[in-house]
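Report on the following structure.
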Amino acid sequence: MPNHFLEVSRLEQGLKTDVRRLSRKGEWTAGTTMAGVCVLAAALSLMMALTFMSMLHRVVFAPKLLWSLATFGGAATWWLVRAAKQRARHVHLGPSMGDDGFAPIPVDLARRLEGSDDAFELGIVAGMSGEIQSARMTVPLEALAPPSGSGPRYRRIEAGEKAVVCLGTETYLLERRTAEASPEWSFGKAAAGIPRRWLAVGALGCLAVAFFSSIPAGGAVTQLKPPIVSARRSSGWEAEMELRLEAQLQAPSLYECFDKLPQSCQRPGYVAVGLSLTREGEIRSHWIASSTYNETCPVTACMGDIVALWQFNSLPEPMRVVLPVQVLRTSKAFAPVKLTSTGGNLPTFVASAH
């Protein structure tokens, strides 16, 4: 299927520069390019946002984040794609920095009529000179220009026509063409109309969405502060009593030392934990002074590693204490019931219990 397009170029010393081609395929290309840029920008912004949230020790709540991105990102992408297709539909001249060229009066120098593949118009304003050339005749633009002070007048450019337009110090050449293949695609030209400031706003929006969809990150149980927030007493004896309470509250962390031991070791007992603490409650050194578990239940080394992770509140002064800690029965199941037989008698149920 032939591709109808209008080629608009700026003439400098008789050479074509800044060539633009208006066509339906070009508009779809600009829209597709904009959609790809939006997806890429959203992915990069999301990666930056997740990195920033990780630095703040926060995690993102996925359902809220995905819903927000689908709503905000979908609306922003639709608006940007629509704006890119509209920009690719015309060549606009005016005094603004974002226009395709300078003109004292805003005007669409060339535009494609929506709803038709081969309908293009030339915008004519007062003060414009040049001519429209065809195989039959040449029409001067001065004869088609509207009165001074009125708005632009548009004339349709038919097949085979071309126009030379002079406005101020700029000269433009408009040529109506038909090609069997699509014009050569260029990412730079397709992305030239992307409103970069709105992409920056979208990136900041993704960061804001990720922040408001985040919650404080959790931590392991052994990394949490003990739930004792009462102030220390001035007496060393009162401080030691509170240390015993804090140690007993953290005693369940010792249960994992019994997971790989035989059933005979799954019993309650006592452990004397030695600690050397700073005034801030940090552990300088630790040791297992004694325990009710003998050599058949080697838990001393494992308990020492776990005690090193314990945390305590501040003290009136550095202390070196030995704290008795009760180790309760773990949640490990009892040994299964075994069946034994004695001669020709009936089987007898034997079970081990503690």
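We did not get these values from a lab; they are worked out from the coordinates using the rules stated. Keep in mind that this is a model prediction, so the values were computed, not measured. With ideal geometry, Cβ positions are generated from the backbone for all residues, glycine too; neighbour counts draw on all protein chains shown.
For C166, C38, which order do you get if you count the other beta carbons within 10 Å of each Cβ and list the fewest first?
So the ranking, lowest neighbour count to highest, is C166, C38.
If I take all pairs of Cα atoms in region 1-68, what percentage of them are more than 18 Å from each other?
Pairs farther apart than 18 Å: 64 percent.
Want the number for L11 to T169: 0.36 nm per residue separation, take away the alpha-carbon distance, what's left?
Roughly 55.8 nm would be gained on extension.
For each of F72, F312, count neighbouring Cβ atoms within 10 Å of the residue's Cβ, then give the residues from fewest to most.
Starting with the residue having the fewest Cβ neighbours, the order is F72, F312.
Neighbour counts of other C-beta atoms within 10 Å: give me K16, K260, K162 arranged from fewest to most.
Going from sparsest to densest Cβ surroundings: K260, K16, K162.
How high is the FRET efficiency from T296 to V322, r the C-beta distance, R0 25 Å, rounded to 0.05?
Step by step, r from the Cβ atoms, then E = 0.55.
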